[in-house]
Amino acid sequence: MKDEGIRMTFYWIYDLPNWLLGVLIVALFVGGSVAGLLLTRPLTRRLVGATSEHNDLVNYFFAAVGVLYGLAVGLIAVGTWENFSGIDNQIAHEAAALAALYRDLDGYPPPLREQLEDKLRDYTRFIIEQDWPDHRQGEVNPEGNRALERFENEIMQFEPAKEREKIAHAEAIRSLSAVVEQRGLRLQSIGTGLPAAIWYIVLIGAALTIGLTYIFWVEPLRMHVLLVAMLATFIALLMFLTAAMDNPFRGEFSVSPDAFRTVLDEVMAPEPGPSLAP
């Protein structure tokens, strides 16, 4: 709970457009790094003198720390992307399960078939219009579970009489189980994100990596500032990429309900009734 509370304090960044979030992160890293260089340069002059004789020694430490930090951040970014892709794929599976369940309803006799199709269509529309806005706020709308439970109760009350109805009923129950399972997985993944401890390590590592560049003595000063700014920009871009993908349901770069829209528009579209002759 404490870890979740710490993460929630930073959720406001997902209310910003991606371009603004990227610019803000880069500006903070570059501005802070350059300011740190200018503040520590007099101290470096007193400690090692205004000479580049120690640069080779510092370079060994910087290379080791840079490689380890770059590897760690790269692995975290890749893991975050795989997590994002996995949830996106999971959403596609849930939409496919809904489509399969809707098709299985063809084996039910009217008017039950039309009633079940309408309920499933309303449920899919609920996911798009109600569930998703709540997911973007990290919340779960309990009405979705209740709607799916009402659909399940109605379909379970049906007693098939014909062989065709028995086959369709068995397939529908199997598809319904898949829908319930996939919905549960989606709700569990709403709060997915990197633990606060990992973010602390990433940020402290960035500070140490950039801080090592202050020990170098580079003349002229503008060249040193340029090098520090470039390193800070690169690290900031990795921070932005990781942050943008960290919470798959939040922010501009997030999983979308497009798979459900496709099912609603192409699979669940009600068949047009017979036209009346003039």
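The values are calculated or read from the model by the stated rules, or taken from the named source; none is laboratory data. Remember, it's a predicted structure, so these values are computed and weren't measured experimentally. Quick reminder, even Gly has a Cβ in these numbers, built from the backbone with ideal geometry, and neighbours come from all protein chains shown.
Comparison of A207, A197, A161, A168 shows that the only residue that is modelled with pLDDT of 90 or more and of a type in the set (A, V, I, L, M) is A207. Consider V179 carefully, then state whether it is at pLDDT 90 or above, under 30 Å from S254 (Cα atoms) and surrounded by 15 or more Cβ atoms within 10 Å (Cβ to Cβ). Yes.
Here is a yes/no grid of residues against (1) touching a residue at least 24 places away in the same chain (Cβ under 8 Å); (2) in contact with a strand residue (DSSP E or B) (Cβ under 8 Å, 6 or more places away or on another chain); (3) in a helix (DSSP H, G or I); (4) farther than 17 Å from L105 by Cβ:
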{"site": "Q130", "(1), (2), (3), (4)": "no, no, yes, yes"}
{"site": "D134", "(1), (2), (3), (4)": "no, no, yes, yes"}
{"site": "G144", "(1), (2), (3), (4)": "yes, no, yes, yes"}
{"site": "R150", "(1), (2), (3), (4)": "yes, no, yes, no"}
{"site": "E154", "(1), (2), (3), (4)": "yes, no, yes, no"}
{"site": "R164", "(1), (2), (3), (4)": "yes, no, yes, no"}
{"site": "I167", "(1), (2), (3), (4)": "yes, no, yes, no"}
{"site": "A178", "(1), (2), (3), (4)": "yes, no, yes, no"}
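For the structure I just gave you, tell me whether V202 is under 30 Å from L68 (Cβ atoms), surrounded by 15 or more Cβ atoms within 10 Å (Cβ to Cβ) and either among the hydrophobic types (A, V, I, L, M, F, W, C) or at pLDDT below 90 (or both). The answer is yes for V202. Inside the stretch 229-256, residues that are surrounded by 20 or more Cβ atoms within 10 Å (Cβ to Cβ) and in a loop (DSSP other than H, G, I, E, B) make up a count of 6. For the structure I just gave you, tell me whether G49 is at pLDDT below 85 and on the phi > 0 side of the Ramachandran plot. For G49, the condition - at pLDDT below 85 and on the phi > 0 side of the Ramachandran plot - is met.
Identification of helices (runs of 4 or more DSSP H) wholly contained in the stretch 1-120 with 1 or more residues that are aliphatic (A, V, I, L, M), over 32 Å from the mean Cα position of the chain (by Cα) and surrounded by fewer than 17 Cβ atoms within 10 Å (Cβ to Cβ) yields 18-48, 55-104. Going residue by residue through the stretch 184-191, is there one that turns out to be part of a helix (DSSP H, G or I), out of contact with any Cys (no Cβ under 7 Å at 6 or more places or on another chain) and over 30 Å from L148 (Cα atoms)? No; the residues of the stretch 184-191 include none that is part of a helix (DSSP H, G or I), out of contact with any Cys (no Cβ under 7 Å at 6 or more places or on another chain) and over 30 Å from L148 (Cα atoms). Comparison of I204, I210, I215 shows that the only residue that is over 19 Å from the mean Cα position of the chain (by Cα), more than 29 Å from E94 (Cα to Cα), of a type in the set (A, V, I, L, M, F, W, C) and not in a helix (DSSP H, G or I) is I215.
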